[in-house]
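The next block holds one structure in the form of structure tokens; read it before the comments.
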């Protein structure tokens, strides 16, 4: 079972969500990422090289960007974003995938 850690940015992103959205995202993180987080599914996919995070988890309109550290059995959630086309929006800033 993987330990899940949130970066400071991810914690800040979560604070900007409503209580219901925050609960939705945190529940999905717990269910989807505690076991086999590096296995591609319909809601999880690896991101291309050059992006800060290795993986993306789709939770309705939100995207959880995270890295897997297998040696330590740890997941680090980098950021919570929304997605528009091939762009992530994090705290109002746009990042191209």
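How large is Rg over Rh for the chain, taking Rg from the Cα atoms and Rh as the Kirkwood inverse mean of 1/r across Cα pairs? For the chain, the value is 0.93.
Each part reduced to its alpha carbon centroid, region 1-23 and region 35-72 end up 15 Å apart. In region 3-96, Cα pairs under 8 Å separated by at least six residues give a relative contact order of 28 percent.
Convex hull over the Cα atoms of region 24-67, averaged projected area in nm²? So the Cα hull casts an average projection of 3.0 nm².
Go ahead and estimate [θ] at 222 nm for the chain from helices alone: -39,500 (n - 2.57) per DSSP H run with n ≥ 4, summed, over the residue count, rounded to 500.
-7500 deg cm²/dmol
All of the numbers you see were taken from the coordinates with simple rules; none came from a lab. Please read all numbers here as calculations on a predicted model, not as lab measurements.
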